[in-house]
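This report refers to the structure that appears directly beneath it.
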Amino acid sequence: MTPPGPRHRVCRGDRLAMKLDRIEDDLSAIGILVMDARIERIPGDIGNPATFPFPVLCRTVAGATLKRLIAERDPSLLAPFLEAGWDLIRAGVRALTTSCGFMILFQEALAREFPVPVFTSSLLQLPFIQATLRPQDRMGVVTADAANLTPEHLRRAGGDIDRLTIYGLE
């Protein structure tokens, strides 16, 4: 076996070494379901593929406006997200994410539908972060719109509402 070096990576202990070239050739894309918003998707934004050092496929979900999701909490948005998600899965993505944390309202339905992992919102990290803190410690959430981030969003994410400080950018 070739020892690990700059062009190799050890997997499964020391029994299997794989060339990084091979790993890069086998990378599968992550699918990103992007809101239909008139905002510039600059590098660093999840809706800009240049943000990532790995392959991504972005799909704008037609009609999925921020107003319909954030202010109206429109349940009819589920159907176009399902359609766009299946398009990405047929294109070969190995996981799905979204461009708006308010999509947490659809996490359960999307995860139940698709045969790949689904990460709709960074709010999904709340239970993990909470587990790393002392019981008296608080967590902070910065959101686009604090007035519309409801206890229902946080319940679906699994966060302890009493331990959160929420700040909106509105």
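For the range 54-170, the share of accessible area belonging to carbon and sulfur comes to 57 percent (1.4 Å probe, ligands and nucleic acids excluded). Short-range pairs are left out: with C-alpha atoms under 8 Å and at least six residues apart, the relative contact order of the range 74-170 is 25 percent. Using the Kirkwood radius over Cα pairs, work out the Stokes-Einstein diffusion coefficient for the range 38-169 at 25 °C and 0.890 mPa s, in µm²/s as a whole number. Calculated translational D: 154 µm²/s.
On the basis of the beta-carbon distance and an R0 of 25 Å, Ala109 and Arg134 show a calculated FRET efficiency of 0.15. Residues in the range 84-95 carry Karplus couplings, in order, of 5, x, 5, 4, 5, 5, 5, 7, x, 5, 9, 6 Hz; the curve used is 6.51 cos²θ - 1.76 cosθ + 1.60 with θ = phi - 60°, and Gly or Pro positions show x.
The values are calculated or read from the model by the stated rules, or taken from the named source; none is laboratory data. Being a predicted model, the structure only gives us computed values, none of them experimental. Note: ideal-geometry Cβ built from the backbone for every residue, glycine included; neighbour counts use all protein chains shown. The area values use the complete protein model at the heavy-atom level, side chains included, leaving out ligands, DNA and RNA. Shrake-Rupley method; radii C 1.70, N 1.55, O 1.52, S 1.80 Å.
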